[in-house]
1. Tally up the residues in the range 134-148 that are touching a residue at least 40 places away in the same chain (Cβ under 8 Å) and either of a type in the set (Asp, Glu) or not in a strand (DSSP E or B) (or both), please.
2. Take the range 155-203 and flag every residue that is under 19 Å from the mean Cα position of the chain (by Cα), of a type in the set (A, V, I, L, M) and over 14 Å from ALA134 (Cα atoms).
3. Out of LEU91, LEU144, LEU164, report the one residue that is over 28 Å from PRO197 (Cβ atoms), modelled with pLDDT of 95 or more and of a type in the set (A, V, I, L, M).
4. Tally time: how many residues in the range 47-59 are modelled with pLDDT of 95 or more and buried (at least 16 other Cβ atoms within 10 Å of the Cβ)?
5. Within the range 119-141, track down each residue that is surrounded by fewer than 19 Cβ atoms within 10 Å (Cβ to Cβ) and farther than 19 Å from TYR179 by Cβ.
6. Consider ALA151 carefully, then state whether it is over 20 Å from ARG210 (Cβ atoms), part of a strand (DSSP E or B), touching a Phe, Trp or Tyr at 6+ places or on another chain (Cβ under 8 Å) and small (Gly, Ala, Ser).
7. Please enumerate the residues belonging to the range 74-99 that are surrounded by fewer than 21 Cβ atoms within 10 Å (Cβ to Cβ) and either over 30 Å from GLY159 (Cβ atoms) or among the hydrophobic types (A, V, I, L, M, F, W, C) (or both).
8. Determine if the range 187-202 includes at least one residue that is farther than 30 Å from ARG77 by Cα, without any contact (Cβ under 8 Å) to a residue 24 or more places away in the chain and surrounded by fewer than 12 Cβ atoms within 10 Å (Cβ to Cβ).
Amino acid sequence: MLRPIHPLLMAALFAAHSLVGAQDRVAVGCQAVKLVLDERVTPGERDRLWATGESVETAMPAVLELQGCHGERLDSRALEAPLARLDPAPLRGVRPLTFLVTVDLTAPMGSYSGPLTRPVQVDGNRLSLAQARAADGRMEPVVLAQTGKAAWKKVTVRGVDQFLAVRSEPLGGDFTTRYRRYVPGPQGWRVLDRSQPGLWESDGEFPGRRSFP
């Protein structure tokens, strides 16, 4: 998950990123959200390695920064892996301003790993993960996986972006498929959830909207 950087680790990370590779940068008024990758992760390398399970040896994890109007660093978060992308388009109809950040967690083998996407909010001078309230009142991070047995898509309902997410997992010797809809609102995100027996795999067609609550 995104996590605040310890001061000593921060010094090491930014020393390693002093000659940076690929960068994604989005202006937010006079501020900016910037994704900084290790110098060895050039745009070409990122595209070549994305979702292959290969990695850049000894590359440092990507860092997400919020920069102030004068270029000062207001907040920063270390990601879990060197390969990452920042979608430059903010989510429509969602407040606070929210962008999608994807980290490539693909393993060399297996069908349960792949790129993981999270909405990251620019809330004042801080970066924060979007959280959704479930039916039982619990809060959980909005996590969108793309694996052999999970997928998601963004849909727009009355001018507001939502997410549909499907995932199949083994349960008691059989597979169960969960269908989730993440809906933003004035009080934050909500997640609607339903499950049914059966296996869904991402090489098939994405479920129709009626499959989701």
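The values are calculated or read from the model by the stated rules, or taken from the named source; none is laboratory data. What you see is a predicted model; the values in this text were computed from it and never measured. Here Cβ is always computed from backbone atoms with ideal geometry, including for glycine, and neighbour counts include all displayed protein chains.
1. 6
2. Residues satisfying the conditions are VAL155, VAL160, LEU164, ALA165, VAL166.
3. Values: LEU144 fails: over 28 Å from PRO197 (Cβ atoms); LEU164 fails: over 28 Å from PRO197 (Cβ atoms).
Of LEU91, LEU144, LEU164, the one residue that is over 28 Å from PRO197 (Cβ atoms), modelled with pLDDT of 95 or more and of a type in the set (A, V, I, L, M) is LEU91.
4. The qualifying residues number 1.
5. Within the range 119-141, the first condition is being surrounded by fewer than 19 Cβ atoms within 10 Å (Cβ to Cβ), and the residues that meet it are 123-126, 128-129, 131, 133-141.
Matches in the range 119-141: ASP123, GLY124, ASN125, ARG126, SER128, LEU129, GLN131, GLY137, MET139.
6. On the way: over 20 Å from ARG210 (Cβ atoms): no; part of a strand (DSSP E or B): yes; touching a Phe, Trp or Tyr at 6+ places or on another chain (Cβ under 8 Å): yes; small (Gly, Ala, Ser): yes.
Answer is no for this residue.
7. LEU74, SER76, ALA78, GLU80, ALA81, LEU86, ALA89, VAL94, LEU97
8. yes
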